[in-house]
Amino acid sequence: MAVCNAPQLTAMCSTFNGLHTEKAASGCATNVQSSAFLGTRLAHMKQTSMLARANQAESGRFASYAPPRAQSVAAPAETKKSEASKKTSTQSTVIITGASSGLGLATAQALARTGEWHVIMACRDFLKAERAAKSAGMPKGSYTVMHLDLASLESVKQFVDNFRRSGRPLDVLVCNAAVYFPTEKQPRFSAEGIELSVATNHLGHFYLARLLLEDLQHKKTDTNRRLIIVGSITGNTNTLAGNIPPKANLGDLRGLAGGLNGVQSSAMIDGGEFDGAKAYKDSKVCNMLTMQEFHRRYHKQTGITFASLYPGCIATTGLFREHIPLFRTLFPPFQKYITKGYVSEEESGKRLAQVVSDPKMTKSGVYWSWNNDSNSFENQLSEEASDADKALKLWEISEKLLELD
């Protein structure tokens, strides 16, 4: 059906009023002639004056009708706003740590483009994350950047407070961020004085997950709620990559129990001499043990899916930015053409996004991997990375360090 716009409507009303004016004038002339013929000119002139006023009033009613019709043209904008609000309210919310680059950014991009997810990009560098999202072509309104420094417990608490003030229900938490100092011979430390690799990769994520577990237990949406912690093949000694020295080994956790401060205790979890590459590998074992302990403690009572994964060797990731230049140059082609284990950031992002959203991947307590055809399967963890007793001990020591009840 055609709809008149405001100028068309005004023109129509003017034409209609003009017709009434002509009719009134015609009627007035006829009445004067009649009154002269009948000798009652004055009475009929009075009647004519009353008729003219009535016609003017009638014309005024038609002229005042234009504004409401003009207002009706704005209705579609309200409809669009309502539809946009409805779309936002039906989106699921995922928090991804370390989403400003590499695997985290690729995953955020893959989820945002579906239109079904709103991504909270939890990042240490706010401006870097904003630029990365725009450069990746993430649709406006599909993401929110929020500051999070996992190496600071105060920052973790502040992030949780800020997220809760947003009013969004949480559907999935992805613990992805990591730091890696493979060539370091002296440890770096967090704001709380804990060796930086373990403070960021393990303790920061453990604290974040513990605080947000309450938020994941909501039943405001039908989304299968999930907590995902990214693992690594380098922490699994049942693989070729996991057997390249230095190998991951948590020992009896004496260094962690001592606080990893490098003063009263070793900065290494097993209490040994510091090695940057081993510190990273040890932290990834902690990630995989933590996921399993979460599963044992909370899956049955909450229905939350707890999972870990290794998305493949992302040889070009920024995680290797602290490595020597020769390694950064040779490692990508080595993985592409020799081992055939190379996976692009885009492909790895799709894989992690699959663990976030695929209804076929709701099994809890699983460590996911993919074959060369990009088909997912449940992989086996190493003996240490699947040690239930060690997972329990790790959980208890971590709670004590973070002063959690």
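The values are calculated or read from the model by the stated rules, or taken from the named source; none is laboratory data. Just so it is clear, the structure is predicted and the values come from calculations on it, not from any experiment. For neighbour counting, all protein chains shown are included, and Cβ atoms are generated from backbone atoms with ideal geometry for every residue, glycine included. We work out accessible area using only protein heavy atoms, side chains counted, and drop any ligands, DNA or RNA first. Shrake-Rupley method; radii C 1.70, N 1.55, O 1.52, S 1.80 Å.
Of these, Ala151, Ala177, which one is among the small types (Gly, Ala, Ser) and within 24 Å of Gly365 (Cα to Cα)?
On the way: Ala151 fails: within 24 Å of Gly365 (Cα to Cα).
The unique qualifying residue is Ala177.
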Gly271: passes all of (1) open to solvent by 40 Å² or more (accessible area, probe 1.4 Å); (2) out of contact with any Leu (no Cβ under 7 Å at 6 or more places or on another chain); (3) outside any helix (DSSP H, G or I) but (1)
Which numbered condition trips up Lys157, out of (1) buried (at least 21 other Cβ atoms within 10 Å of the Cβ); (2) under 24 Å from Glu293 (Cα atoms)? (1)
What residue, among those in the range 213-239 that are surrounded by fewer than 16 Cβ atoms within 10 Å (Cβ to Cβ) and touching a Leu at 6+ places or on another chain (Cβ under 9 Å), is modelled with the highest pLDDT? Asn238
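Considering only residues of the range 350-398 that are free of Cβ contacts under 8 Å to residues at least 60 places away in the same chain, out of contact with any Pro (no Cβ under 6 Å at 6 or more places or on another chain) and within 18 Å of Cys175 (Cβ to Cβ), which is most open to solvent (accessible area, probe 1.4 Å)? Explain how you work it out, then say what you get.
First, the residues of the range 350-398 that are free of Cβ contacts under 8 Å to residues at least 60 places away in the same chain: 351, 354, 358, 360-361, 363, 366, 370-378, 389, 396.
From the residues that got through so far, the ones that are out of contact with any Pro (no Cβ under 6 Å at 6 or more places or on another chain) too are 354, 358, 360-361, 363, 366, 370-378, 389, 396.
Cutting the leftovers down to within 18 Å of Cys175 (Cβ to Cβ) gives us 354, 361, 366.
Values: Gln354: 52, Met361: 6, Val366: 7 Å².
The qualifying residue most open to solvent (accessible area, probe 1.4 Å) is Gln354.
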Residues that are crowded, with 17+ Cβ neighbours inside 10 Å and touching a residue at least 60 places away in the same chain (Cβ under 8 Å), drawn from the range 240-256: Gly242, Ala248, Leu250, Leu253, Leu256
Can you run down the residue pairs with Cβ atoms below 7 Å, 6 or more apart or on separate chains, where the first is in the range 275-303 and farther than 19 Å from Gly262 by Cα and the partner is modelled with pLDDT under 95 and part of a helix (DSSP H, G or I)? Lys284/Thr234; Lys284/Gly235; Val285/Gly235; Met288/Gly235
Cβ pairs under 7 Å, 6+ apart or interchain, first in the range 161-173 and closer than 20 Å to Arg226 by Cα, second loosely packed, with under 14 Cβ neighbours inside 10 Å and of a type in the set (D, E, K, R), ordered by first then second residue, are Pro169/Lys220
Check Gly312, Gly262, Gly303 and return the single one that is open to solvent by 30 Å² or more (accessible area, probe 1.4 Å) and more than 27 Å from Glu192 (Cα to Cα). Gly303
Can you confirm whether the range 171-182 contains a residue that is of a type in the set (Gly, Ala, Ser) and closer than 24 Å to Gln109 by Cα? yes
Does the range 227-245 hold any residues that are over 28 Å from the mean Cα position of the chain (by Cα) and outside any helix (DSSP H, G or I), and which are they? Asn236, Thr237, Asn238, Thr239, Leu240, Ile244, Pro245
